[in-house]
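Visitor: Pasting in a structure now, in structure tokens, and then I'll have a few things to ask.
Only the coordinates and a few stated rules stand behind these numbers; no lab work does. These numbers come from a predicted model, not from an experiment. As a convention, Cβ positions derive from the backbone with ideal geometry for all residues, glycine included, and neighbour counts pool all protein chains shown.
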Amino acid sequence: MNKILLLIVALVSISANVTAQTTGNGLQITRLTDSFHIYTTYNLYKGEKVPANGMYLVTSAGVVLFDTPWDTTQFQPLLDSILSKHGKNVTHCIATHFHDDRSGGLEFYQKKGIKTYTTVQTDKLSRKYGHKRAEFLLKKDTVFNIGSYAFETYYPGEGHTPDNIVIWFGKQKILYGACLIKSVEDEDLGYLGDANRKEYATTIKNVQKKCRQPRYVIVGHGDWTNVKALEHTLKMAEALKQ
Ligand SMILES: [Zn+2]
């Protein structure tokens, strides 16, 4: 009897481990399209477990990572999961502003041979605050052509931070907005310690002008499935000015 019970316990713990590796509490990967995937990791913020979203794009020339995991224990598991899911290595990584939930893994990934990028403006802030830095610096909005995909980095002005950029996939109409854009669930604009309260709304309007009729708007934290995130953020940013 005891042996059977032990066997059951052993089997249950094995299957629990397998589940943890593939879907994991620490790292979630959700398919957006065949090539685009959203990954989510978690960290503590004001004593609460908060999710952070990043994205990756699978191309014939390798995998492009947009931002790095917030949870530093997930830097390597993310690479491993991508390799086992798609049979491809990450070749490029672009961080969208200087905060840890975006740039924390840059130096880790550079050591793995991945080309890492931020803007010059982000790099200035990363140096100032002792955050991780990228190997390559973008001096202006830049079009990347990787495999058969094209996308551009766009600096719309100050908002969440002075350096926040978004990534626009014009053909697929995917806007990767990161922390500049808030989820429709959010009741406020979140951490505003580095924000520009006066310019935030104008900056969101610039994103709307540049990124016409997005099919997806990927936000930095929380629910990323609602394209109304942009209008929702604008409303809150307008209120911020008053
Ligand atoms: Zn953030």
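Visitor: Give me the Debye-computed log₁₀ of I(q)/I(0) at q = 0.12, 0.14, 0.15 Å⁻¹ for the range 145-234, equal point scatterers on Cα only, no solvent, two decimals.
Guide: Results for the range 145-234 at q = 0.12, 0.14, 0.15 Å⁻¹ read -0.32, -0.44, -0.50.
Visitor: Taking only C-alpha pairs under 8 Å that are 6+ residues apart, what is the relative contact order of the chain in percent?
Guide: Across the chain, relative contact order equals 13 percent.
Visitor: Right, next: With +1 on the Cβ of every Lys and Arg and -1 on the Cβ of every Asp and Glu, and nothing else charged, how large is the dipole of the chain about its Cα centre, in debye rounded to the nearest 20?
Guide: It works out to roughly 520 debye.
Visitor: Based on the mean of other Cβ atoms within 10 Å per residue, sort peptides 36-46, 101-111, 126-136 so the most packed one is first.
Guide: 101-111, 36-46, 126-136
Visitor: Summing +1 for each Lys or Arg and -1 for each Asp or Glu, what net charge is found among the other residues whose Cβ lies under 15 Å from the Cβ of VAL143?
Guide: +2
Visitor: Given the pairs LYS139/LYS210; LYS85/LYS139; LYS85/LYS171; LYS124/LYS198, which are separated by over 27 angstrom at their Cα positions?
Guide: The answer is LYS85/LYS139.
Visitor: Among the lysines, select those whose C-alpha is under 20 Å from the C-alpha of LYS88, and discard any that sit fewer than 8 residues away in the same chain.
Guide: The reachable lysines, counting only those whose Cα sits under 20 Å from LYS88, are LYS111, LYS112, LYS115.
Visitor: Follow-up. Hey, got a sec? Which trypsin sites (Lys or Arg not before Pro) in the range 154-242 land in a DSSP loop and have at most 12 other Cβ atoms within 10 Å?
Guide: Here the trypsin sites (Lys or Arg not before Pro) that fit, given the DSSP loop and packing criteria, are LYS171, LYS198, ARG212, ARG215, LYS228.
Visitor: Hey, another quick one. The range 150-196: which GluC sites (Glu not before Pro) are DSSP loop and have at most 12 other beta-carbon atoms within 10 angstrom?
Guide: Filter output for the range 150-196: GLU185, GLU187.
Visitor: Take the Cα radius of gyration of the range 28-179 and divide it by 2.2 N^0.38 Å, with N its residue count; two decimals is plenty.
Guide: Ratio of Rg to 2.2 N^0.38 Å for the range 28-179: 0.97.
Visitor: Between GLN213 and ARG31, 0.36 nm times their residue separation minus their Cα-Cα distance comes to what?
Guide: Full extension from GLN213 to ARG31 adds 63.4 nm.
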